[in-house]
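Data block below; observations after.
The values are calculated or read from the model by the stated rules, or taken from the named source; none is laboratory data. No experiment lies behind these values; they were computed from the predicted model shown. Backbone-built Cβ (ideal geometry, glycine too); neighbour counts: all protein chains shown. Side chains are part of the model used for accessible areas, which takes the heavy atoms of the whole protein and leaves out ligands, DNA and RNA. Shrake-Rupley method; radii C 1.70, N 1.55, O 1.52, S 1.80 Å.
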Amino acid sequence: MIARMLGMAAAGLMLVVAAPAAPADDPPAWTQPTKPFRIAGNIYYVGTAGLASYLIVTSKGLILLDPTMEENVPAIEANIKALGFKLSDIKILLNSHAHFDHAGGLAAMKRDTGAKLDAMEGDVWALENGKHFGDQNYVGTFPPVKVDRHLSDGDKVSLGGVTMTALLTAGHTHGCTTWTTTVRLKSGVKSVVFPCSLSVAGNKLYGNKTYPGIVADYRASFKRLGAMKADIVLTAHPELSDVMARKASGKWLTPDLLPKMVAESKAAFDKELLKQQAIAK
């Protein structure tokens, strides 16, 4: 539990942690079941109250993005069944990034569904070894899982007329992947972005021997995501894009949200980098 607790530093798009947190359990919301619901078009929410798992429905089967933690798999599977689907309908598993709270359930979900896992090359080592990559001030482990297709920046994952595009936005992890797709609404075709985390969390920015290019990667990701168009933003931690509140209101179109989130994350990153540099001197 201590390793899991320290891994909490990995959570959140705008959360910044400079030192290990005091002993505590995972946030209760992370394992709190919630009923599945339709977000927009062919995209559904099947995760818990505090960790997002997104189901993309196609004419040839299902794509599942982020089955969260291992202990959440039964609840996520129940949600998928509640929507009227079979587990065998899941053909492709995707991951935003190789941290325990988003990738821990991949091995169990892959076993239960027979689906193939597609993941960015930079996160393959972490996924297949069940360990967070890079120098951090926390420990994060999860069940290792075999990656079936190694992706590169810009690769597309297509199934039943639906295409998910993998964009490398590294820093938070070496292969942190922002996924994009489109949905057709009454108002027209809208862009959907599932942004990978930009938080520093417990990452060592200054003198990271395992991941020496981490600062340059973060900066490139800030620039890339800040320039992207996103009509709908769906984050791995639902509170960061107000998923539950938007569920109640039905207002999913937020074209100004992504640049705002990126700007706040960049400011927090710059502050943390200066702090780590000052401590090292």
_Accessible area of the chain with a 1.4 Å probe: how many percent of it is carbon plus sulfur?_
56
*For Ala216, put the label point 7 Å out on the Cα→Cβ axis and report which residues of segment 153-189 keep their amide N under 16 Å from it.*
169-172, 174-175
*Count the net charge of all other residues whose Cβ sits under 11 Å from the Cβ of Asp89, scoring Lys and Arg as +1 and Asp and Glu as -1.*
+4
*Can you quote the Å³ per residue value for the convex hull of the Cα atoms in the chain, rounded to an integer?*
114
*asked:* Just to verify a number: what accessible area does Lys275 come out at with the full protein assembly present, 1.4 Å probe, Å² rounded to tens?
replied: 100
*In Å, descending, principal axis extents of the Cα set of segment 52-109*: 30, 18, 17
*Using +1 on the beta carbon of Lys and Arg, -1 on that of Asp and Glu, and nothing else charged, what's the dipole of segment 74-197 about the Cα centre, debye to 20?*
580
_If you take every residue apart from Ser221 with its C-beta less than 12 Å away from the C-beta of Ser221, what net charge results, scoring Lys and Arg +1 and Asp and Glu -1?_
+2
_From the helices alone, meaning DSSP H stretches of at least four residues, give me the mean residue ellipticity at 222 nm for the chain, per-run term -39500 (n - 2.57), in deg cm²/dmol to the nearest 500._
-8500 deg cm²/dmol
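Got a sec? What order do His174, His99 fall in by accessible area at 1.4 Å, biggest, i.e. largest, first?
His174, His99
Which order do the peptides 85-91, 72-78 take when ranked by the mean count of other beta-carbon atoms within 10 Å per residue, highest first?
Top to bottom by mean Cβ count within 10 Å: 72-78, 85-91.
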_Placing unit charges on C-beta atoms (Lys and Arg positive, Asp and Glu negative, everything else neutral), compute the dipole magnitude of segment 108-154 about its Cα centre in debye, rounded to 20._
260
*Read phi for every residue in segment 48-61 and hand back ³J(HN,Hα) as whole Hz from Karplus 6.51 cos²θ - 1.76 cosθ + 1.60, θ = phi - 60°, with x for Gly and Pro.*
8, 5, x, 9, 7, 9, 10, 10, 10, 8, 10, 6, 10, x
*Once the other residues with Cβ under 13 Å from the Cβ of Pro255 are scored (Lys, Arg +1; Asp, Glu -1), what is the net sum?*
+2
*Got a number for the accessible area of Glu239? Probe 1.4 Å, square angstrom, nearest 10.*
100
*Which sequence of Arg184, Arg246, Arg219, Arg149 reflects their accessible areas, 1.4 Å probe, from the largest down?*
Arg184, Arg219, Arg149, Arg246
_Partners for Lys229 among lysines (Cα-Cα distance below 17 Å; same-chain residues under 8 apart left out)_ = Lys190, Lys260
*Per-peptide average of other Cβ atoms within 10 Å, ordering 191-199, 120-128, 266-274 highest first*: 191-199, 120-128, 266-274
*State in Å² the accessible area per residue of segment 202-255; use a 1.4 Å probe, count heavy atoms of protein chains only, and round to the nearest integer.*
49
